[in-house]
Amino acid sequence: MSERKAIVVGAGLVGSVLTILLAKRGYEVVVYEKRPDMRAAGFVGGRSINLAMSDRGWKAMEQAGIHDEIKSIAIPMKGRMMHDVSGELTFQPYGKEGQAIYSVSRGGLNLRLLELADAFPNVTLNFEQGTRRVDLRNKEVHLPEGKDSAPLIFGTDGAFSAVRGSMQRMPRFNYSQQYLPHGYKELHIPPGPGGTHQIDKHSLHIWPRGHFMLIALPNEDGSFTCTLFLPFEGKESFENLNTDEEILEFFKTFFPDTLELMPDLVNDFRDNPTSALVTVRCKPWQVDNQVLLIGDASHAIVPFYGQGMNSGFEDCTILNELMKTYEDDWDKIMPLFANSRPQDANAIADLALRNFVEMRDLVGDPQFLLRKKIEGWLQDEFPKEFLPLYSMVTFSHIPYSQAWQEGQAQDELMEKILAMPGIEDNWKTEEVKEVFREWHRDRDREEKTYSKPREL
Ligand SMILES: Cc1cc2nc3c(=O)[nH]c(=O)nc-3n(C[C@H](O)[C@H](O)[C@H](O)COP(=O)(O)OP(=O)(O)OC[C@H]3O[C@@H](n4cnc5c(N)ncnc54)[C@H](O)[C@@H]3O)c2cc1C
């Protein structure tokens, strides 16, 4: 067995990027994927399901060598476009001028990553080879027929990982999964005449309705992929949307401006599955410095911060940097990664759950919109001292756990500012700046007292 052999279980988004990075460093990489080869199955011809890519994801694309190519087919979304029940629109930028998150096709991206991986002579891709389990003692991957072994095995097989399933049988393995009471269903807005976009192409559209919401992300062909997030049970819920009339009535009541955009609404609603949303946490992520879980396999999160794929890609870039720093000494790399990264995965899991409330409930709230405006102004006034939480998560590489800590401190600051009398009408003031300066002095003191250098 070659010392430089690695097995990657799962050729989804994260497994494909990891394969490319390992291949670039000269490893012999053998990939086992459960599904058929999407290149042969014509995956891209089907309807596009899209994801929001942000800075952490782009960094991995750079390392994989496809940044420019993917960027050329990605659609920048510069902010949220909120649709209220009367069809009134409010736009709120995500960041500063020139900053955006990008809508990319999941199938298109995965397919391109597979093509790239396949171009390396030291990569072997095997499809329809679902891993049943991993013999952790002998470092053997059990396949439908036979088994394979390697000194390095990576579990990138998603939220219901078989590799993790084997680890769960180990003593002292911690594992939790938490389902939201909400599910989701994908719907579709077709292109307008001549392949045009029927609603603004450069926004992520949100119809926030309290305890549920609809969102839409643009596709290159003029269409939008919509996702309805709704409780499984209760008054407004999937269990109460059974007949065509019930579905239409629900959309007429809560999303009236979508009816003429979605001529196939009822059929799509019936045909497309209702899926569940899960948060997975576990520890340890590695066994004997030889078997490692990354991506959704170790930290599946709910999609409301648009960071699931981005955080999995960041796993890949961190591992790549560690491979360089420690010259492929996995006895150093695996414990370092597996001891420090879970705190960031936990932070983004918490942030994603919190952002669900923000998206479905608060984005239509005037107080929340005021907060965002004040945050933007503070960022302009104190560019070195203040970066809003959303920007730290989306447009920076600050570790998620640090961003989350800073975000909690920002909540305290904004609570103070929003409680100032008459703030709604007059917030660009010296008094607000003074509250900020005082908060910042306190933060500085706290950091000097408590913070210790991070290992990564
Ligand atoms: C509705 C929704 C919207 C989302 N939107 C965003 C977004 O906007 N931005 C973002 O960053 N993230 C988003 N995410 C999260 C993102 O989809 C995941 O974080 C990402 O796909 C994780 O990649 P992965 O490669 O770890 O897992 P997966 O993409 O699940 O890939 C796992 C792969 O392993 C294979 N596999 C499974 N079991 C086995 C086995 N036993 N043996 C071999 N192969 C196996 C699967 O076939 C698959 O190819 C969203 C998720 C959902 C549900």
ask   = Out of all the residues in region 337-354, is one or more more than 13 Å from the ligand (Cβ to nearest atom), under 30 Å from L228 (Cβ atoms), modelled with pLDDT under 95 and of a type outside the set (A, V, I, L, M)?
value = yes
task = Please find, among D288, D296, the residue that is out of contact with any Phe, Trp or Tyr (no Cβ under 8 Å at 6 or more places or on another chain), more than 14 Å from the ligand (Cβ to nearest atom) and either open to solvent by 20 Å² or more (accessible area, probe 1.4 Å) or without any contact (Cβ under 8 Å) to a residue 60 or more places away in the chain (or both).
result = D288
task = Might you check whether a residue that is of a type in the set (G, A, S) and free of Cβ contacts under 8 Å to residues at least 12 places away in the same chain occurs anywhere in region 235-246?
result = yes
request  = Of all residues in region 321-334, count the ones that are open to solvent by 30 Å² or more (accessible area, probe 1.4 Å) and either among the aliphatic types (A, V, I, L, M) or part of a helix (DSSP H, G or I) (or both).
outcome  = 5
request  = Would you point out the residue of region 89-118, among those that are open to solvent by 80 Å² or more (accessible area, probe 1.4 Å) and not in a strand (DSSP E or B), that is nearest to A74 (Cα to Cα)?
outcome  = R106
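Yes/no per residue for (1) part of a helix (DSSP H, G or I); (2) open to solvent by less than 30 Å² (accessible area, probe 1.4 Å):
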| residue | (1), (2) |
| --- | --- |
| E246 | yes, no |
| E249 | yes, no |
| P263 | no, no |
| L277 | no, yes |
| F304 | yes, yes |
| M309 | yes, yes |
inquiry  = Scan region 86-102 and tell me whether some residue there is among the aromatic types (F, W, Y), out of contact with any His (no Cβ under 8 Å at 6 or more places or on another chain) and under 30 Å from D118 (Cα atoms).
reply    = yes
note = Out of (1) open to solvent by 10 Å² or more (accessible area, probe 1.4 Å); (2) within 19 Å of G312 (Cβ to Cβ); (3) at pLDDT 95 or above, the one S54 does not meet is (1)
message = Among the residues in region 382-393, are any surrounded by 16 or more Cβ atoms within 10 Å (Cβ to Cβ), over 15 Å from the mean Cα position of the chain (by Cα) and closer than 26 Å to Q178 by Cα?
response = yes
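The values are calculated or read from the model by the stated rules, or taken from the named source; none is laboratory data. Just so it is clear, the model here is predicted, and its values are computed rather than measured. Note that each Cβ is placed from the backbone with ideal geometry, even for glycine, and that neighbours are counted across all protein chains shown. To get the accessible areas, we keep the full protein, side chains included, count just its heavy atoms, and leave off ligands, DNA and RNA. Shrake-Rupley method; radii C 1.70, N 1.55, O 1.52, S 1.80 Å.
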